[in-house]
Amino acid sequence: MTTQSLETLAVHAGRGGLTGLGVHAPPIDLSSTYPLGALDEATASLEELAAGARSAASPVYGRLYNPTVARFEEALAEFEGTEDSVAFGSGMAAITASLLAARARRGGSHVVAVRPVYGTTDHLLGSSLLGMTVTWVPVGEVGAAIRPDTAVVVIETPGNPTLGLVDIADVVRQAGDVPVMVDSTFATPVLQRPCSLGAAMTLHSATKFLGGHGDVMAGVVACDNAWAVELRKVRLATGALLHPLGAYLLHRGLPTLPLRVKAAQAGAQHLAHRLAGHPAVQRVLYPGLDACDPQRLIGRQMSGPGTVVSFEVSGGLAAAARVMSAVRLITPAVSLGSTDTLIQHPAGLTHRVVSEEARTAGGITPGLLRLSVGLEDPEDLWRDLAAALDAGMMEAMGTTEEAMLVAV
Ligand SMILES: *Cc1c(COP(=O)(O)O)cnc(C)c1O
């Protein structure tokens with residue numbers, strides 16, 4: 001399997017046994033419970049699943065096992081090149097489970113993390129909700145921040161929303177025997193496979209690219225068998241399940257994932273260069289621009305720069321708000337990784353929960369906008385964006401003229 005190309009894997013992953021079932025499309029099993037055979041066998045199945053087994057003779061109950069979800073998990077693990085994966089009802093449920101799994105396995109409740117991360121992840125780590133404490137460090141100080149009670153190191157690369165890249169192998173080296181969890185949502189398994197670089201857990205908000213059509217909320221963690229056992233135990237106890245219909249849709253989307261990511265990436269590259277040349281744009285953040293990838297991780301850690309571009313407009317919050325309300329083809333909406341292009345304002349929306357100091361230190365400025373590029377023709381997108389930027393500049397100038405008249 002590992003010798004197959006990504007495109008082939010994407011099409012065939014998780015399709016084992018379908019011919020034997022006499023079907024071509026994976027079946028959707030919506031059962032919440034399952035008829036049992038002999039009691040002693042049912043009890044044995046229950047015990048195996050409760051101990052984190054991937055499957056057992058009887059599924060027993062929908063919170064223990066679902067074949068449609070298991071099929072997606074198998075496909076995603078093949079895609080990430082890991083032994084297993086465990087799916088959840090959202091990306092945040094997956095992050096919560098991986099933190100709890102790390103605490104259960106390592107016995108400590110301390111986390112070392114590198115900013116920026118997704119706003120709600122930042123909030124979860126900083127809150128006392130899970131009874132864990134976090135030490136935020138610059139990436140070079142991960143090793144120094146490790147304590148005897150450190151359960152896990154958390155990084156996100158590319159980081160949301162400023163798109164900085166973190167050298168995964170370097171963090172793994174610094175972490176020593178402490179497991180590293182990588183939120184790889186922005187990269188997808190098409191562009192990056194953190195577990196192949198030594199990460200213990202690779203996490204995706206499957207709501208984004210894996211779902212890819214803006215109609216599923218899900219999360220998934222790719223890992224080895226031992227971590228999967230721990231994650232399943234957490235999922236069973238907390239109930240953060242992925243619904244089988246969601247799993248079906250995620251699996252259905254996998255065959256086109258490489259095509260979607262590569263097409264959107266080509267659009268993002270085009271728009272990043274266009275944006276960099278527009279007078280209303282102060283800076284463009286995109287890993288494909290040399291200035292944004294000083295360590296040259298593109299081509300080494302990540303096979304391409306991805307599909308998300310952030311940029312800062314002159315004029316701060318008011319200018320950013322004008323661009324968001326002036327686009328017509330592009331949808332002003334949070335989230336990313338859909339077939340259509342979305343624009344949002346991190347400081348006011350996704351990273352609102354992050355403290356203002358951390359936002360400022362991390363470059364999440366009032367004029368920053370994040371664009372998730374979809375599958376539209378890049379020039380159509382540019383016309384929309386350019387018109388919004390031009391309109392914003394004119395409006396700002398008009399406002400200034402009025403202000404000047406009033407002043408006179
Ligand atoms: C969206 C997102 C999450 C959270 O995922 P949900 O599916 O919304 O719970 C976590 N990490 C990153 C990088 C994200 O973009």
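Tell me, please, whether a residue that is in a loop (DSSP other than H, G, I, E, B), within 15 Å of the chain's Cα centre (by Cα) and within 16 Å of the ligand (Cβ to nearest atom) can be found in region 198-205. Break it down into steps so the answer makes sense when it comes.
So the first thing to find is which residues in region 198-205 are in a loop (DSSP other than H, G, I, E, B), and the list is 198-200.
Now drop any that are not within 15 Å of the chain's Cα centre (by Cα), which leaves none.
No, every residue in region 198-205 fails to be in a loop (DSSP other than H, G, I, E, B), within 15 Å of the chain's Cα centre (by Cα) and within 16 Å of the ligand (Cβ to nearest atom).
Search region 62-110 for residues being in a strand (DSSP E or B) and crowded, with 24+ Cβ neighbours inside 10 Å, and hand back the single one that is nearest to the ligand (Cβ to nearest atom). Quick ask: steps written out before the conclusion?
Step one: of region 62-110, the residues in a strand (DSSP E or B) are 84-88, 110.
Narrowing further to those that are crowded, with 24+ Cβ neighbours inside 10 Å: 85-88.
Working: S85: 15, V86: 15, A87: 11, F88: 9 Å.
Among them, the one singled out is F88.
Return the total of residues in region 216-228 being surrounded by 21 or more Cβ atoms within 10 Å (Cβ to Cβ) and either over 21 Å from G52 (Cβ atoms) or more than 17 Å from the chain's Cα centre (by Cα) (or both). Give the derivation first.
If we filter region 216-228 for residues that are surrounded by 21 or more Cβ atoms within 10 Å (Cβ to Cβ), which is where we start, we get 216, 218-223, 227-228.
Still in the running and either over 21 Å from G52 (Cβ atoms) or more than 17 Å from the chain's Cα centre (by Cα) (or both): 216, 227-228.
Final tally of qualifying residues: 3.
Which count do you get for residues in region 171-187 that are among the polar types (S, T, N, Q) and either out of contact with any helix residue (DSSP H, G or I) (no Cβ under 8 Å at 6 or more places or on another chain) or within 11 Å of the ligand (Cβ to nearest atom) (or both)?
In the first step, residues of region 171-187 are kept if they are among the polar types (S, T, N, Q); the result is 174, 184-185.
From the residues that got through so far, the ones that are either out of contact with any helix residue (DSSP H, G or I) (no Cβ under 8 Å at 6 or more places or on another chain) or within 11 Å of the ligand (Cβ to nearest atom) (or both) too are 184-185.
Within region 171-187, residues that are among the polar types (S, T, N, Q) and either out of contact with any helix residue (DSSP H, G or I) (no Cβ under 8 Å at 6 or more places or on another chain) or within 11 Å of the ligand (Cβ to nearest atom) (or both) number 2.
In region 291-335, what residues are under 15 Å from A268 (Cα atoms) and modelled with pLDDT under 95?
Answer for region 291-335, where residues must be under 15 Å from A268 (Cα atoms) and modelled with pLDDT under 95: just C292.
Select from region 164-189 the residues that are part of a helix (DSSP H, G or I) and farther than 22 Å from V69 by Cβ and list them in ascending order.
Pass one, region 164-189, residues part of a helix (DSSP H, G or I): 168-175, 188-189.
Answer for region 164-189, where residues must be part of a helix (DSSP H, G or I) and farther than 22 Å from V69 by Cβ: I168, A169, D170, V171, V172, R173, Q174, A175.
Could you please find all residues in region 131-154 being of a type in the set (V, I, T), closer than 19 Å to A200 by Cα and not in a strand (DSSP E or B)?
Residues of region 131-154 of a type in the set (V, I, T): 133-135, 137, 139, 142, 146, 150, 152-154.
Filter once more, keeping what is closer than 19 Å to A200 by Cα: 134, 139, 142, 146, 150, 152-154.
If the condition is that a residue be of a type in the set (V, I, T), closer than 19 Å to A200 by Cα and not in a strand (DSSP E or B), then V139, V142, I146 are the ones that fit.
So which of L259, L231, L245 ends up being of a type outside the set (K, R) and crowded, with 18+ Cβ neighbours inside 10 Å? Give the derivation first.
Working: L259 fails: crowded, with 18+ Cβ neighbours inside 10 Å; L245 fails: crowded, with 18+ Cβ neighbours inside 10 Å.
Of L259, L231, L245, the one residue that is of a type outside the set (K, R) and crowded, with 18+ Cβ neighbours inside 10 Å is L231.
I need the full set of residues from region 328-343 which are within 11 Å of the ligand (Cβ to nearest atom) and without any contact (Cβ under 8 Å) to a residue 60 or more places away in the chain, in order please. I'd like the intermediate steps shown before the answer.
First pass over region 328-343, keeping only residues within 11 Å of the ligand (Cβ to nearest atom): 334-337.
Matches in region 328-343: V334 only.
Return the pair list, or none, for Cβ contacts closer than 6 Å from residues in region 282-310 that are in a strand (DSSP E or B) to residues that are of a type in the set (D, E), at least 6 apart or on different chains.
Final answer for the pair search is Q282/E312; R283/E312.
Here is a check on your reading of the model: is I343 under 25 Å from Q192 (Cα atoms) and part of a strand (DSSP E or B)?
Numbers: under 25 Å from Q192 (Cα atoms): yes; part of a strand (DSSP E or B): yes.
Judged against the criteria, I343 is a match.
The values are calculated or read from the model by the stated rules, or taken from the named source; none is laboratory data. All values reported here derive from a predicted model rather than from experimental measurement. Here the Cβ is made from the backbone with ideal geometry for all residues, glycine too, and neighbour counts use every protein chain on show.
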